[in-house]
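The values are calculated or read from the model by the stated rules, or taken from the named source; none is laboratory data. Bear in mind the structure is a predicted one, so any value in this text is a computation, not a measurement. For neighbour counting, all protein chains shown are included, and Cβ atoms are generated from backbone atoms with ideal geometry for every residue, glycine included.
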Amino acid sequence: MAVVLAAAAAVLVATGVPGGAVPTPTLPPATHLVAGQPLVAFLGDSWTAGVGATDRRGYVVRTAERLGWGYANLGVGGSGYSVPGPHHSLFAQRIPQLVALHPDVVVVQGSLNERHSTPGRLGPAAEATLTQLTAALPPGTPVLVVGASYNPGTADSTIDWINREVSRAATDAGLPFVDPAAAGWLDPHDPGLWSDTIHPDDRGHQRLADALAPLLQDVARGRTAEKPPVTVLG
């Protein structure tokens, strides 16, 4: 644990957050509550923020609507485990805000932004982030880790190494992981799914929601039955 946290600290210094650049103030997450239903919190990048979807009504909103659950959206464009992006916000920095919402289920998504990183930086940062998240949440809170998707603007081999490192980190943290690239959630060669070279459009976001919703039902049932959720691999 100490080694992982020390590695994460080194990553923070290397990226300049918070050791150098001043982080952008974190905005309150978009939150929609449904009485008597679970609250699912999403921690991720611009895909989570809904970029590419009409009125930012992306896969987060669509997944929650399909399930009939409430949601909290903690997506920040350009961010990742080891890459803070233009808003100077790593995933780990938003964990206190997420935990304060008392979610029933958590999704950590991405990130293709790690294409600007390296396996040596991503692996320790992802493990430290996921370990910090599980330690901060109440015991038994289901967490599903979702990797990056293939997309028209990123080489498949880059997405593969990103997902390989995130998968290892999730396994080490005892969390289920799903690889949407290997599972074929989105076709990077179908122009009808993309708003630009790296973001899905309305149809693409809906495809993500349709694939993700049943997995969240599975991890939620795992919590109810007091059993660890089954790891989902592509």
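The table below lists the values:
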item: Looking only at segment 100-112, and only at residues there that are touching a helix residue (DSSP H, G or I) at 6+ places or on another chain (Cβ under 8 Å) and not hydroxyl-bearing (Ser, Thr, Tyr), the one that is surrounded by the fewest Cβ atoms within 10 Å (Cβ to Cβ); result: Asp104
item: Considering residues of segment 189-219 that are outside any helix (DSSP H, G or I) and more than 17 Å from the chain's Cα centre (by Cα) only, the residue nearest to Thr154 (Cα to Cα); result: Thr197
item: Test result for Thr171, surrounded by 15 or more Cβ atoms within 10 Å (Cβ to Cβ) and among the polar types (S, T, N, Q); result: yes
item: Matching residues, segment 132-159, being β-branched (Val, Ile, Thr), touching a helix residue (DSSP H, G or I) at 6+ places or on another chain (Cβ under 6 Å) and assigned to a helix (DSSP H, G or I); result: Thr158
item: Residues that are within 19 Å of Gly52 (Cα to Cα), surrounded by 16 or more Cβ atoms within 10 Å (Cβ to Cβ) and either acidic (Asp, Glu) or touching a helix residue (DSSP H, G or I) at 6+ places or on another chain (Cβ under 8 Å) (or both), drawn from segment 204-225; result: Gly204, His205, Gln206, Arg207, Leu208, Ala209, Leu212
item: Residues satisfying the stated conditions in segment 194-231, i.e. of a type in the set (Val, Ile, Thr) and at pLDDT below 95; result: Val219, Thr224, Val230, Thr231
item: Conditions (1) within 22 Å of Val51 (Cα to Cα); (2) assigned to a loop (DSSP other than H, G, I, E, B): number failed by Ile162; result: (2)
item: Breaking point among (1) crowded, with 24+ Cβ neighbours inside 10 Å; (2) touching a residue at least 40 places away in the same chain (Cβ under 8 Å), for Ala148; result: (2)
